[in-house]
1. Tell me, which strands (runs of 3 or more DSSP E) wholly within segment 174-227 include 1 or more residues that are among the β-branched types (Val, Ile, Thr) and under 20 Å from residue 266 (Cβ atoms)?
2. Is one or more of the residues making up segment 343-351 more than 21 Å from residue 411 (Cβ to Cβ), in contact with a strand residue (DSSP E or B) (Cβ under 9 Å, 6 or more places away or on another chain) and open to solvent by 10 Å² or more (accessible area, probe 1.4 Å)?
3. Need the failing condition index for residue 434 against (1) under 15 Å from the mean Cα position of the chain (by Cα); (2) farther than 25 Å from residue 512 by Cα; (3) not acidic (Asp, Glu), just the number.
4. Test residue 477 against the stated conditions and say whether it is part of a strand (DSSP E or B), of a type in the set (Phe, Trp, Tyr), at pLDDT 95 or above and under 25 Å from the mean Cα position of the chain (by Cα).
5. Take the residues of segment 155-173 that are open to solvent by less than 90 Å² (accessible area, probe 1.4 Å) and in a loop (DSSP other than H, G, I, E, B): which is nearest to residue 497 (Cα to Cα)?
6. Taking residue 422 as meeting all but one of (1) closer than 19 Å to residue 342 by Cα; (2) modelled with pLDDT of 95 or more; (3) touching a Pro at 6+ places or on another chain (Cβ under 8 Å); (4) not acidic (Asp, Glu), write down the number of the exception.
7. Scanning segment 320-342 for residues that are aliphatic (A, V, I, L, M) and more than 14 Å from residue 288 (Cβ to Cβ), which turns out surrounded by the most Cβ atoms within 10 Å (Cβ to Cβ)?
8. Scanning segment 480-500 for residues that are part of a strand (DSSP E or B) and closer than 23 Å to residue 409 by Cβ, which turns out most open to solvent (accessible area, probe 1.4 Å)?
Amino acid sequence: MSPPSPLPPLQQHSSSSMVPITDPGSTVAIVSCLPTAPSPLPTPPPPTGGLPPLRRAPPRHQPQPSIADSSHRQNAAPRKQRQKRSLRVLSTPITTTGAQAANPKPKPSSVEKKEQQEEQEVEVELECPTVPDIPSLPPIMAEHAPVEGLGCEVLVGSVNYPSLKRLYKPRSKLTEGKCPLYGIGFNFMDARYYDTFATVGGNRVTTYRCLENGSFALLQAYIDEDVRKKMTMPVDASKDESFYTLSWACDDVDSAPPLLVVGGCSGIIRVINCATEKIAKSLVGHGGSINEIRTQALKPSLIISASKDESVRLWNVHTGICILVFAGAGGHRNDVLSVDFHPNDITCFASCGMDNTVKIWSMKEFWVYVEKSYSWTDLLSKFPTKYVQLPVLNAVVHSDYVDCTRWLGDFILSKSVEHEIVLWEPKIKENSPGEGSIDILQKYPVPKCDNWFIKFSCDFHFNQLAIGNCEGAIYLWEIQSSPPVLTARLYNEQCKSLIRQTAVSFDGSTILGAGEDGNIWRWDEVDHHSVNEKKQVETRRRRRHRRCRD
């Protein structure tokens, strides 16, 4: 299955007045990702308990029979037949001359020959002992050896009957333009702007506010100036900047203005100051398009970016310094599509991409460079950017592209193009980096979700998870329940296009969807009285359905 390519091909970014790059030496070269050979299976250990039990062998030297006994056996017909049957195991025929018949040599008895034949069989068994069959490792654990094995049975949620704990109704629709919307997200970095969200699509970045009446209020809009310069020229606008991702950030000071960080096909990260309505920073370094940007909630001036150039970079938006580059021999071997910081460990994050893997990285050994980036006063190009080539865990959970990953405590939620989201636990060995195992816990089915670059989102407290599909529907899961519970299935009769990304408000009362058709779709939670009435209606409908089925 070849997934569609929603992203335009990589283009060289032309000069723009929005991007005042004064230091061309700030670009950092990317370490090439060398493919690593798959790890061979371990050598099978010798059979336990020594060699197989052997039969007791007779002594090699037996008393020689007399001549009379030998001649007596030759004259007996039954004995001759037995000798002929025993001679068939020899490789050369035996002929008897007259002299030999007159003076025969002593011959061993048939019982002795049978014992000698058994000795030869035993010697063959000693030379070629049988090796027991060693079962191969499960495909999901092939990257990790030794393997501790899976834990409890995997729990799979059902999409047939929503729980109806929270019901939503469609409220409004806003058409932004003809360009597809690839990203949408609420601002959780500043409590003053919890009802503010932003969208990216094409060459435009727009910020809105959700109003209580179900509509939107337009706040600001940013357009890449490269396109505005060419509006009067016959130039294909699709070759210019197209933004794919956004993330909210701010400086580590009180009452700092909100920062909106965006990136796209040019590979340049824009840091927009929403208070001054200007470009605060332009972060240059990636050699390919930016597929996702995430902010460290514990230190919101740190962001991390995933790129088409197979690398992940850690930035300081306060100073504009590229602190660390995660790439190399142990890095991703294809486009990196998603990243996310650990919610409690500030030095840990996860990444995933088109190489079907999820990698967990640690910055603990390089945290001194993170601290140094805040006090750096020299040129940005002289900062000692460090390269991290080995992750602490390389997990193979999916068999296709992994385009979205999020931490849920110490667990990881990851999504592929296999119509499901998987919740699993990484088990990292601190004393042995790169070794460990994984334990798959739960699966959240998402029908009609086989296109890549479809991302899910959660509310602030990680109670609700929203994911769109190719038919314009949104599935809302209660992720902290076991087994998984589908809260609601949201749809709008007018929405028939693919939902690229969703956004869940702070308390989960508002669900937004960014459509491939350039529309923003909104669902709001209804009041509890209506919820109870609809619950009763749904309960009666289920009972009728069961009676008809029985």
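1. Values: elements: 183-186, 196-201, 204-210, 216-223.
So the answer is 196-201, 204-210, 216-223.
2. Within segment 343-351, the subset more than 21 Å from residue 411 (Cβ to Cβ) is none.
Checking segment 343-351: not a single residue is more than 21 Å from residue 411 (Cβ to Cβ), in contact with a strand residue (DSSP E or B) (Cβ under 9 Å, 6 or more places away or on another chain) and open to solvent by 10 Å² or more (accessible area, probe 1.4 Å).
3. Status for residue 434: all satisfied but (1).
4. Values: part of a strand (DSSP E or B): yes; of a type in the set (Phe, Trp, Tyr): yes; at pLDDT 95 or above: yes; under 25 Å from the mean Cα position of the chain (by Cα): yes.
Yes, satisfied.
5. Among those residues, the one meeting the criterion is 159.
6. (3)
7. Taking the candidates together, the pick is 339.
8. Start the filter on segment 480-500 by keeping residues that are part of a strand (DSSP E or B), which leaves 485-490, 499-500.
The next check asks that each one be closer than 23 Å to residue 409 by Cβ; those that pass are 485-487.
On the way: 485: 37, 486: 3, 487: 2 Å².
Going through the qualifying residues, I end up with 485.
The values are calculated or read from the model by the stated rules, or taken from the named source; none is laboratory data. None of the values given here were measured: they were computed from a predicted structure. Virtual Cβ from ideal backbone geometry, glycine too; neighbours counted across all protein chains shown. Calculation scope for accessible area: heavy atoms of the full protein, side chains included, ligands and nucleic acids excluded. Shrake-Rupley method; radii C 1.70, N 1.55, O 1.52, S 1.80 Å.
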